[in-house]
Amino acid sequence: MRAKHIAVALTGLLVGFMAVEPSGARVVRLVVEQRTSFVGGADWGKAGPYEMLRGTAYLEADPNNPHDAVIVDLENAPRNAKGLVEFNTQFMILKPVEMQRSNRKIFYAVNNRGNNLEGLLTATTASQVSGTDAGYAMTEGYVVVDAGWEGDVIPTPSKLVASLPRARNANGTPIVGPMRYEYSDRAAGSFTTNLEGNAAFLSYEAADTNTAHATFTVADSEYGPKTLIPANRWAFGSCPTGQASLVPTSVDLCYFDGFDNKKIYELIYQATNPIVMGLGFATTRDIASFLRNETHDDVGNPNPVGNNIRRAYAAGGSQTGGYLRDYIYLGFNEDEVGRKVFDGIIPWIAGTDRVFINVRFADPNTYSEQDRQHNYLQSSYPPFTYAVTTDPLSGVHDGIMHRPRTDPLVMQVDSQSEFWQLHGSLNVVDGLGNPVAIPDNVRLYFVGNTAHAFISGSFLFPTPGTASLCSNPTPGSGLNWETLRATLRNLDRWAVGNGQDNGQGNGQENGQGNSQGTEPPKSNYPSLLDGTLVMLSEAAAAFPKIPNVSFPTVYDTYELLDFGPLFGSHGGILTIQPPLNGPSYAIRLPKTDGIGIDLAGVHQIESRVPLGTSTGWNLRSPAHRGPNNLCVLTGSYFPFAATAAERLLSGDPRPSLQERYGSHQGFVNAVEKAADELVKERFLLEVDADADISAAQASTVLN
């Protein structure tokens with residue numbers, strides 16, 4: 001119930017601020033520092049050649065602005081002479097060289113840990129981009145945008161980084177608070193790491209480097225007892241070759257005895273100088289709003305995309321899928337003057353995760369899974385659902401979408417992994433195991449038999465891969481963008497009919513703000529109501545008995561995390577580390593048919609015309625805390641036998657390729673049929689259907 005009270009208090013605080021006159025929380029200067037031809041000036045459909053603009057956006061936020069009042073520690077950030085908090089971020093814009101050939105829409109592809117999801121910053125040929133969301137968007141004439149939001153990324157030429165301020169107490173003294181990091185799968189025999197555990201990110205500095213005042217433990221598993229490592233066996237510092245090479249620092253850890261890659265280590269210490277990480281949401285909001293609505297910045301720099309943008313959409317996956325769920329929930333889809341920023345948003349492979357950057361000492365790079373960092377943030381936390389509901393275990397009455405005037409249309413797209421590791425079922429099931437409705441302005445889509453990042457085993461990738469931590473073969477390689485590309489098209493057509501044309505338009509829009517939108521495909525997500533979402537025991541019973549394959553006996557459970565009285569649904573301050581575990585939530589898993597194909601879901605070519613069984617789970621190898629743990633977010637791939645004789649010899653109950661398709665041409669015919677169905681269902685673009693058919697014809701399947 002404490003979480004409920006915190007949420008209510010914060011909501012009341014926001015309501016109180018609504019009476020305050022808004023001031024300048026916005027982009028004040030947008031500087032284009034580099035302008036280059038994109039991938040050699042290749043043509044992108046009717047939009048023609050594109051150019052890439054890179055530069056820096058300078059922003060200000062007002063702690064008294066009601067749109068920013070939710071940001072944790074904003075009031076403790078340094079202020080300029082106007083009383084505003086300054087911050088800046090790198091940005092990237094891809095736009096048609098001739099903007100009159102643009103469709104006057106923005107596609108904002110929110111980056112993951114500073115890395116553009118679609119490889120745009122490092123692409124050198126059109127073929128590297130053509131099959132991605134951005135490739136489709138450019139052929140349609142979109143302006144593609146991205147900007148840094150994460151303030152702890154170490155800058156490199158291929159990343160977009162936000163420069164966010166550090167908070168201090170009102171009297172100027174440093175803010176100090178508990179910080180916790182977990183280290184697993186470290187290189188055997190290594191001695192040192194930065195405190196974050198990843199050299200790509202900054203670590204929070206230790207306020208006190210006396211190891212007796214910190215806690216460093218080791219355990220055999222994520223759930224096993226923790227053994228305290230004596231304070232004289234480690235130090236704050238860097239030691240590449242062991243204790244003799246120790247150089248004391250406040251941002252590194254040296255373990256004199258060396259890490260064991262089969263163990264899990266945890267450090268809890270007093271950190272200082274927290275980044276005001278919640279300002280990351282303001283970078284996305286304010287840059288998108290500026291490009292959509294303004295003609296120039298405060299010093300006269302023109303809006304580089306002109307002033308005729310009529311709609312804007314955002315998409316982000318994994319970490320940034322959770323980021324976008326939080327972005328909506330915390331109200332950042334409304335800009336500083338009350339305008340809707342994005343008409344539609346596509347969070348993908350997010351489950352019910354929230355990135356939780358709106359906390360003191362935020363760590364956007366540490367996420368909760370069954371096999372590691374189980375009770376860390378990022379994680380799920382009520383509200384889980386888009387609809388406003390009452391969570392029966394916490395008492396929180398809320399929903400991700402609770403601002404009807406400025407909430408975007410949402411299409412969330414998940415894989416099977418999100419149900420095993422990221423609590424995906426809590427999108428449609430409450431904590432007691434009862435169904436929860438999906439609101440009318442949301443669509444949930446499940447891409448069956450895919451793993452996190454949509455890596456799938458198909459005729460495009462017939463050779464199973466391997467992962468060093470995992471027991472089972474993996475689904476090969478290759479990122480499946482097909483569903484996402486079709487989703488962007490469907491979202492755009494839907495938005496036309498929801499008054500989201502800014503009074504400007506063409507095609508179906510009549511230029512007067514009236515429009516005829518196209519209702520998108522209905523949600524297709526595992527559900528209790530049709531028996532496609534079940535308990536673990538039922539999922540195990542339905543899965544085929546493939547020789548030498550063990551079905552998981554575990555999934556990532558969720559217990560309500562209690563980080564102390566200053567933390568709640570909106571974020572806050574973590575005072576209890578590790579958190580206390582509250583009640584356990586009912587988690588459900590997708591059910592499959594007799595060959596391991598998910599009963600629910602959109603299903604692309606790979607699972608409509610399968611060459612094997614792909615899953616969203618894998619098991620850790622015995623050498624890496626297995627086999628009774630899931631293996632991170634990795635999937636498995638179990639190929640079908642080629643012939644009936646091979647199948648019978650191995651004891652595989654699944655029909656062989658020969659039994660399923662008869663011949664190579666039979667396989668091609670099946671692909672053609674499935675592609676035609678998907679196009680009609682609006683989950684596959686014609687261009688992608690043609691590519692899949694060509695790939696099937698060129699394959700060696702039964703050939």
Checklist entry - For region 284-301, does any single residue satisfy the condition of being touching an Asp or Glu at 6+ places or on another chain (Cβ under 9 Å), in a loop (DSSP other than H, G, I, E, B) and of a type outside the set (Phe, Trp, Tyr)? => result no
So, first residue more than 11 Å from Pro627 (Cβ to Cβ) in region 541-556, second residue of a type in the set (Gly, Ala, Ser) and assigned to a loop (DSSP other than H, G, I, E, B), Cβ within less than 6 Å, six or more apart or across chains; the pairs are Phe543/Gly596; Pro544/Gly594; Pro544/Gly596; Pro547/Gly651
For Ala600, are the conditions met, namely being part of a loop (DSSP other than H, G, I, E, B) and either touching a strand residue (DSSP E or B) at 6+ places or on another chain (Cβ under 7 Å) or in contact (Cβ under 8 Å) with a residue 40 or more places away in the chain (or both)?
yes
Of the candidates Ala495, Ala467, the one satisfying the condition of being assigned to a loop (DSSP other than H, G, I, E, B), modelled with pLDDT of 75 or more and of a type in the set (A, V, I, L, M) is Ala467
Considering residues that are hydroxyl-bearing (Ser, Thr, Tyr), within 26 Å of Tyr323 (Cβ to Cβ) and either outside any loop (DSSP other than H, G, I, E, B) or open to solvent by 50 Å² or more (accessible area, probe 1.4 Å) (or both), the number found within region 562-597 is 1
- Message: Given the criteria surrounded by fewer than 24 Cβ atoms within 10 Å (Cβ to Cβ), under 17 Å from the mean Cα position of the chain (by Cα) and in contact (Cβ under 8 Å) with a residue 12 or more places away in the chain, does Tyr323 qualify?
- Response: no
Taking region 667-703 and keeping residues assigned to a helix (DSSP H, G or I), open to solvent by less than 20 Å² (accessible area, probe 1.4 Å), over 27 Å from Trp494 (Cβ atoms) and of a type in the set (A, V, I, L, M) leaves Val668, Val671, Ala696
Flagged in region 638-659 as assigned to a helix (DSSP H, G or I), more than 36 Å from the chain's Cα centre (by Cα) and closer than 19 Å to Gly594 by Cβ, in numbering order, are Ala644, Glu646, Arg647, Leu648, Ser650, Gln658, Glu659
Restricting region 679-703 to residues that are of a type outside the set (S, T, N, Q) and within 21 Å of Phe640 (Cβ to Cβ), the one farthest from the chain's Cα centre (by Cα) turns out to be Leu702
request  = Could you check, for region 653-664, whether at least one of its residues is in contact with a Cys (Cβ under 7 Å, 6 or more places away or on another chain) and either more than 30 Å from Ser468 (Cβ to Cβ) or open to solvent by 20 Å² or more (accessible area, probe 1.4 Å) (or both)?
outcome  = no
Practice item. Return yes or no: is Val32 open to solvent by less than 60 Å² (accessible area, probe 1.4 Å), closer than 29 Å to Lys105 by Cβ, in contact with a strand residue (DSSP E or B) (Cβ under 9 Å, 6 or more places away or on another chain) and part of a loop (DSSP other than H, G, I, E, B)? Key: no
Within region 391-424, the count of residues that are open to solvent by less than 10 Å² (accessible area, probe 1.4 Å), assigned to a strand (DSSP E or B) and of a type outside the set (Val, Ile, Thr) comes to 4
Cβ pairs under 7 Å, 6+ apart or interchain, first in region 516-529 and under 13 Å from Thr487 (Cα atoms) and assigned to a loop (DSSP other than H, G, I, E, B), second open to solvent by less than 50 Å² (accessible area, probe 1.4 Å) and basic (Lys, Arg), ordered by first then second residue, are Pro520/Arg443; Ser523/Arg443
Within region 326-345, the count of residues that are surrounded by fewer than 21 Cβ atoms within 10 Å (Cβ to Cβ) and part of a strand (DSSP E or B) comes to 2
In region 257-274, anything open to solvent by 30 Å² or more (accessible area, probe 1.4 Å) and outside any strand (DSSP E or B) is listed as Asp257, Asp260, Asn261, Lys262, Lys263, Asn273
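This table checks each residue for (1) at pLDDT 95 or above; (2) assigned to a strand (DSSP E or B); (3) of a type in the set (S, T, N, Q); (4) open to solvent by less than 20 Å² (accessible area, probe 1.4 Å).
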position	(1), (2), (3), (4)
Arg54	yes, yes, no, no
Ile71	yes, no, no, yes
Arg79	yes, no, no, no
Ile106	yes, yes, no, yes
Leu117	no, no, no, no
For region 610-629, pairs from a residue that is more than 30 Å from Val668 (Cα to Cα) to a residue that is polar (S, T, N, Q) and part of a loop (DSSP other than H, G, I, E, B), with Cβ under 6 Å and 6 or more apart or across chains, are Leu619/Ser471; Arg620/Asn629; Ser621/Ser471; Arg625/Ser221; Gly626/Ser471; Pro627/Ser471
All conditions in (1) hydroxyl-bearing (Ser, Thr, Tyr); (2) surrounded by fewer than 24 Cβ atoms within 10 Å (Cβ to Cβ); (3) at pLDDT 95 or above are true of Tyr142 except (2)
Within region 228-245, of all residues that are open to solvent by 60 Å² or more (accessible area, probe 1.4 Å), part of a loop (DSSP other than H, G, I, E, B) and not β-branched (Val, Ile, Thr), the one farthest from Arg180 (Cα to Cα) is Pro240
Checked Asn427, Asn441, Asn434 against criteria (under 24 Å from Pro520 (Cβ atoms), open to solvent by 30 Å² or more (accessible area, probe 1.4 Å) and either modelled with pLDDT of 95 or more or not β-branched (Val, Ile, Thr) (or both)); the one match is Asn441
Contact list, first residue from region 192-215 and open to solvent by 50 Å² or more (accessible area, probe 1.4 Å), second anywhere and modelled with pLDDT of 95 or more and in a helix (DSSP H, G or I), beta-carbon distance below 6 Å, six or more apart or interchain, is Ala212/Ala231
Next item on the list: For Thr553, state whether it is at pLDDT 95 or above, over 25 Å from the mean Cα position of the chain (by Cα), assigned to a loop (DSSP other than H, G, I, E, B) and surrounded by fewer than 20 Cβ atoms within 10 Å (Cβ to Cβ).
Entry: yes
_Among the residues of region 120-141, are any in contact with a strand residue (DSSP E or B) (Cβ under 8 Å, 6 or more places away or on another chain), assigned to a strand (DSSP E or B) and among the hydrophobic types (A, V, I, L, M, F, W, C)?_
no
**Any hit, region 428-436, residues being in contact with a helix residue (DSSP H, G or I) (Cβ under 7 Å, 6 or more places away or on another chain), among the β-branched types (Val, Ile, Thr) and touching a residue at least 40 places away in the same chain (Cβ under 8 Å)** = no
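The values are calculated or read from the model by the stated rules, or taken from the named source; none is laboratory data. Since the structure is predicted, the reported quantities are computational estimates derived from the model, not experimental observations. Backbone-built Cβ (ideal geometry, glycine too); neighbour counts: all protein chains shown. Note: areas computed on protein heavy atoms with side chains; ligands, DNA, RNA excluded. Shrake-Rupley method; radii C 1.70, N 1.55, O 1.52, S 1.80 Å.
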